[in-house]
Structure formats: C-alpha cells, structure tokens
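Undergrad: Dropping the structure in here first, questions after.
The values are calculated or read from the model by the stated rules, or taken from the named source; none is laboratory data. Because the structure is a prediction, the values reported are computed rather than measured. Positions of Cβ are generated from backbone atoms using ideal geometry, with glycine treated the same way; all protein chains shown enter the neighbour counts. Each accessible area value is taken on the protein alone, full model and side chains, heavy atoms only, with ligands, DNA and RNA left out. Shrake-Rupley method; radii C 1.70, N 1.55, O 1.52, S 1.80 Å.
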Amino acid sequence: MLGDALVLARGIPGADRIAFVERYDPSLPPVLGDEEKLMQVVLNLVRNAVDAVATTPSPRVTIETSVSPLRLRVASGRTRPLARVSIQDEGPGIPEAMLQRLFTPFATSKPHGTGLGLAISRRIVEAHGGRIEVRNRAGGGAEANVYLPLDVP
C-alpha cells in the first residue's frame with residue numbers, strides 16, 4: 001500500500017523534484033484495516049511533507065516502516081505489537097504554536113489549506129485502534145508517526 005501511495009504522491013505538483021527515500025521493514029507483519037482509509041492518511045502526511053520541502057534546495061521525504069517499541073494494551077490486559085509508519089521531511093519544521101493545534105479541525109498554516117487533513121487522519125487512525133503523532137525533528141524538519149496494531153496472535 002505504501003508503494004501505491006508513493007506512486008500517487010509523485011503526481012503532486014512539485015513532487016517531481018523531490019527525492020523520496022523508502023525504508024521498509026520486510027519482516028513487518030500485515031496491518032489489518034481499511035486500505036483506502038489508511039492510504040488517505042499516508043497520502044495526507046506525504047502531501048504535507050512535500051509542501052514542507054517544496055522550497056528547499058535539496059528536497060527529500062523519507063517513508064519508513066518498522067515494528068514499534070511501543071505496545072498497545074488491549075481489554076484483556078495483554079499487549080499487542082504496533083507497526084510504525086514514519087513520514088519525515090527536511091523542511092523548516094512546524095511552528096511551536098501550530099504544533100499544539102495540528103489535529104484541531106480548520107487549523108492550518110497553508111494559504112489554501114482547509115485544516116482538515118490531520119484531523120481526519122487522526123480519526124481514521126484511532127478508528128483502527130492506533131495513534132498518530134507529529135513532531136519537529138532535532139536536526140530540522142518534521143516527522144509524522146502512525147502507529148497501528150499488527151495482525152499477530
């Protein structure tokens with residue numbers, strides 16, 4: 001699914017000059033969920049990353065998957081492993097004041113943005129039993145991490 005999302009992302013205006021780096025963990029078990037909805041989340045996050053690096057001299061967006069060290073506690077008290085899908089950019093980062101409002105509907109710093117992308121993405125991820133986090137990276141840029149339960153016993 002991530003490969004398909006990247007094919008679509010390469011069609012975003014300006015994406016043709018961006019280097020997309022893919023780092024996928026081949027041992028990652030499947031994630032159960034609505035593929036179209038999860039694709040919507042990934043595309044939204046990649047689109048945000050593409051926008052963030054649009055004016056940088058060497059634009060790069062990294063998509064990475066791994067088994068997360070975080071675990072999900074289920075009703076029985078047991079824990080389940082989580083997959084981590086990470087989208088990282090090397091843009092200017094997110095202003096601190098905006099970080100506090102990222103998932104609030106209609107909060108946007110983009111001139112033509114609706115401010116709904118991350119709010120909708122959070123609902124989709126939470127409906128799948130996961131969570132989403134966005135933060136600034138220490139070396140610059142931003143990172144969005146989506147954590148989803150893995151399909152393992």
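Undergrad: Based on what the data block shows, is residue 93 within 25 Å of residue 24 (Cα to Cα), part of a loop (DSSP other than H, G, I, E, B) and under 15 Å from the mean Cα position of the chain (by Cα)? Working first, answer last.
TA: Working: within 25 Å of residue 24 (Cα to Cα): yes; part of a loop (DSSP other than H, G, I, E, B): yes; under 15 Å from the mean Cα position of the chain (by Cα): yes.
Taking the combined requirement at face value, the residue satisfies it.
Undergrad: On to the next question. With respect to residue 58, determine if the residue is in contact (Cβ under 8 Å) with a residue 24 or more places away in the chain, out of contact with any Ser or Thr (no Cβ under 9 Å at 6 or more places or on another chain) and open to solvent by 80 Å² or more (accessible area, probe 1.4 Å).
TA: yes
Undergrad: Go over the candidates 38, 45, 28 one by one and state the one that is at pLDDT 90 or above, assigned to a loop (DSSP other than H, G, I, E, B) and open to solvent by less than 70 Å² (accessible area, probe 1.4 Å).
TA: Result of the check over 38, 45, 28: 28.
Undergrad: List the residue pairs whose Cβ atoms are under 6 Å apart, where the first residue sits in region 28-52 and is in contact (Cβ under 8 Å) with a residue 24 or more places away in the chain, the second is charged (D, E, K, R), and the two are 6 or more positions apart or on different chains.
TA: Pairs found: 29/151; 30/151; 32/151; 49/89; 52/89.
Undergrad: Go over the candidates 91, 117, 11 one by one and state the one that is without any contact (Cβ under 8 Å) to a residue 24 or more places away in the chain and either within 28 Å of residue 149 (Cβ to Cβ) or not polar (S, T, N, Q) (or both).
TA: From the options 91, 117, 11, the qualifying one is 11.
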